[in-house]
Amino acid sequence: MNVKYDYDVIVVGGGHAGVEACLASAKLNKSTLLVTLNFNMVANMPCNPSIGGSAKGIVVREIDALGGFMGKAADYDYLQMKMLNTAKGVGVRCLRAQEDKLRYPKYIQNHIKETKNLDVLEDEVKGIIFENDMIYGVILSNERKIYAKAVVLSTGTYMNSEIMVGHSKVSGGPDGEKPSVGLSDYLKDVMGFDLIRLKTGTPQRIAKETIDYSKAEIQLGNVEDEGFSYETNKFKLIKDQEPCYLIYTNEETHKIIRDNLYESAMYGGIVKGVGPRYCPSIEDKLVRFADKTRHQLFLEPESYDTNSIYLQGFSTSMPKEVQEKMVHSLKGLENAKILKYAYAIEYDAFETYDYTFSLMTKKYKGLFIAGQICGTSGYEEAGGLGLIAGINASRYIDNLEPLILGRDEAYIGVMIDDLVTKGTKEPYRLLSSRAEYRLLLRSDNADFRLTEIGRNIGLIDEDRYLKFKDKYEKINKILDILRTTYLGETSPINEALLLKGYERLSSGVKAIDILKRNGISYSFLKNYVSIPSDLNLDKSGEDEVEIIAKYEGYIEGERKEVAKFKKLETLKLKSDIDYSLIDGLALEARQKLNKVKPLNIGQASRISGVNPSDIAILIMNLKNKKI
């Protein structure tokens, strides 16, 4: 098809995936168009106004380390910042910020307006321009065609979306917005994609002044010197952060829910889509965890500029009159005014076997997908996918190899590998337990893992790269000093060690071995070791020195496991293999292998339903050159 292209890249949808995709594309010098239903809803937070959390907080740091924008926006004007899992190992620690629901998206919208190479169009995409297996642009609501070399679909929860409360089901998008109607049918009926139906939901919003906080437990922030972005240098003191509060459901709450269970859309037969396993509705919690007498709920502020309080953990699709009873049964909320009722939302998403590790669809070259359309849930997952889709759409245009992150390189890599290799029938959520190399994928070292990649792609500028290099040169020099410095019985550190419950040093001990002891921090140890002043680090840098020292044996163990795994990745598999013809493979393995079409033995070994005996058969066939 001979066409005159209007843009290099068109991004459809302005949620968290679309934001990262269009910004990455524009920053990589691709003329980019963002098509969105309502620009005022770009980067909207229709559910909890928070960024980060378990595993997700590490993803935000990875987005920043690669050159994405979510971390900077999250640090701009947050309500509260917390480091989670501080009592657990460093592999699962991560940041979570309570964001301002109004200021966070406005900050991003202003950034989009100021970004070069990026135009915005408020319209609805109804179809895709294609010929054979090539994409050439999009078709708008008025049949207008806009041509582009690559298209990124990041439609969030809008495709054929329906809002459900009780036995009521109406066509609608999140936060009262219009749904995207027509694109789903075009993708299915015209382009031949298989779509699945997924569900998510959101709880009530409560008027702040109608809550009795004396019956709740205050939950304060615990971080005032760290953020998601490695470039942030201005933080809020804990005393200036907004508190959240903890309350619990009770037997009265549970009785109301059980008595009205089949009034909910979920249990009344209205919901057809599959909901998120790790963020269930309150009625689902009661059914699945029937032995529990109470469930945690959090009262979380939504903005400095509103009186709206988010009732975290109370998502439901009960009728409004039942929701009133449920809310008023909670301690402290007896007289609460509901500003916004909870609802469930169903929407269309792609089958995971329809796209590759680059997030380009298998059927059509130049068509990429990102965010909840990929089968995920969560702002952070969407942001990570959007960034990769934007990068790879740009690299596709330049005939460059796509960026594919390994499971040992990033949680983003874990997520994409899980989706493509294992698939999902429910909204996928990242968890630290999904990563087998958690000590390598820490929150503190996302820059170490990914900044070089971001620079090579073109998203990290030289000034930031030089600061990154300087930081790690200092860290390595400090570690060398700690490995070669011995402290003995005459060292002043002995008096301080006694106060910490340790015996005096009787002979020379390496400083790094002292740092490995419980309760010994680098900020303490450096006072007794000759560290040159030009090796001074900020708190995050000092924390990294400490983590590397304390966990170096475990980290090295994980690196050896990665090396073993990489050997399986070198055993490549052809894309045209018909696994149904390979003798000895189990029937389920044949079906799954033909659906996923793994790139190598390593990927094949991670497919659900493919067992070690099947992998042995594949390796044998490879050695005998039968496949």
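The values are calculated or read from the model by the stated rules, or taken from the named source; none is laboratory data. Source: prediction; values computed, not measured. No Cβ is skipped: glycine too gets one built from the backbone with ideal geometry, and neighbour counts run over all protein chains shown. Calculation scope for accessible area: heavy atoms of the full protein, side chains included, ligands and nucleic acids excluded. Shrake-Rupley method; radii C 1.70, N 1.55, O 1.52, S 1.80 Å.
Think of the range 356-480 as a dipole: +1 on every Lys or Arg Cβ, -1 on every Asp or Glu Cβ, centred on the Cα centre; then among Leu441, Gly454, Tyr465, Leu441 lies furthest on the positive end.
Two numbers describe the Cα atoms of the chain: Rg and Dmax, which are 26.0, 83 Å. For the range 298-397, what does the relative contact order come out to in percent, with C-alpha contacts under 8 Å and a separation of six or more? The value is 16 percent.
The heavy atoms of Asp291 offer some 130 square angstrom of accessible surface to a 1.4 angstrom probe.
Across the range 388-503, the convex hull enclosing all Cα atoms gives 180 Å³ per residue. Computed from the alpha carbon atoms alone, the convex hull of the range 272-387 holds 153 Å³ per residue.
The mean sequence distance of close C-alpha pairs (under 8 Å, at least 6 residues apart), as a share of the length of the range 1-141, puts its relative contact order at 27 percent.
Rounded to a whole number, what % of the accessible area of the range 1-144 do carbon and sulfur atoms account for, probe 1.4 Å? Roughly 46 percent, rounded to a whole number.
Would you work out what percent of the accessible area of the range 477-594, with all protein chains in place, is carbon or sulfur (probe 1.4 Å)?
After summing per-atom areas, the C and S share lands at 50 percent.
Note on the range 440-556: lysine pairs with Cα distance below 20 Å, sequence gap of 8 or more or different chains, count 29. Of all DSSP bridge pairs formed entirely within the chain, close to 70 percent run antiparallel. Sites listed here are trypsin sites (Lys or Arg not before Pro) in the range 230-261 whose DSSP assignment is loop and whose Cβ has at most 12 other Cβ atoms within 10 Å: Lys234.
The range 178-225 and the range 531-573 have their alpha-carbon centroids 36 Å apart. Selection among Ala43, His167, Thr424 by position relative to the dipole of the chain gives Thr424 as farthest towards the positive end (Cβ unit charges, Cα centre). Secondary structure note: in the range 102-231, about 95% of the DSSP beta bridges are antiparallel. The spread of Cα positions in the range 422-580, taken along each principal axis and listed from longest to shortest, comes to 72, 37, 31 Å.
Roughly how many whole Å is it from the C-alpha centroid of the range 477-522 to that of the range 1-68? After rounding, the separation between the Cα centres reads 48 Å. Direction-averaged projected area, Cα convex hull, the range 520-627: 10.5 nm², rounded to one decimal. Rg of the Cα atoms in the range 352-436, relative to 2.2 N^0.38 Å, amounts to 1.01. Per residue, the average separation of C-alpha pairs within less than 8 Å and at least 6 apart gives the chain a relative contact order of 16 percent.
Cross-link reach is defined here as a Cα-Cα straight distance under 28 Å, omitting same-chain residues fewer than 8 places apart; for Lys325 the lysines meeting it are Lys101, Lys169, Lys199, Lys208, Lys215, Lys255, Lys272, Lys285, Lys292, Lys337, Lys340. With unit charges on the beta carbons (Lys and Arg positive, Asp and Glu negative) and the dipole taken about the Cα centre of the chain, which residue among Met1, Ile211, Gly406 sits farthest to the positive side? Positive-most Cα among the choices belongs to Gly406. Calculated on the Cα set of the range 112-210, radius of gyration then Dmax: 17.1, 60 Å.
Based on protein heavy atoms only, the chain ends up with 42 Å² per residue of surface accessible to a 1.4 Å probe. Dividing the summed -39500 (n - 2.57) terms of all DSSP H runs of n ≥ 4 by the residue count of the chain sets its mean residue ellipticity at 222 nm at -10000 deg cm²/dmol.
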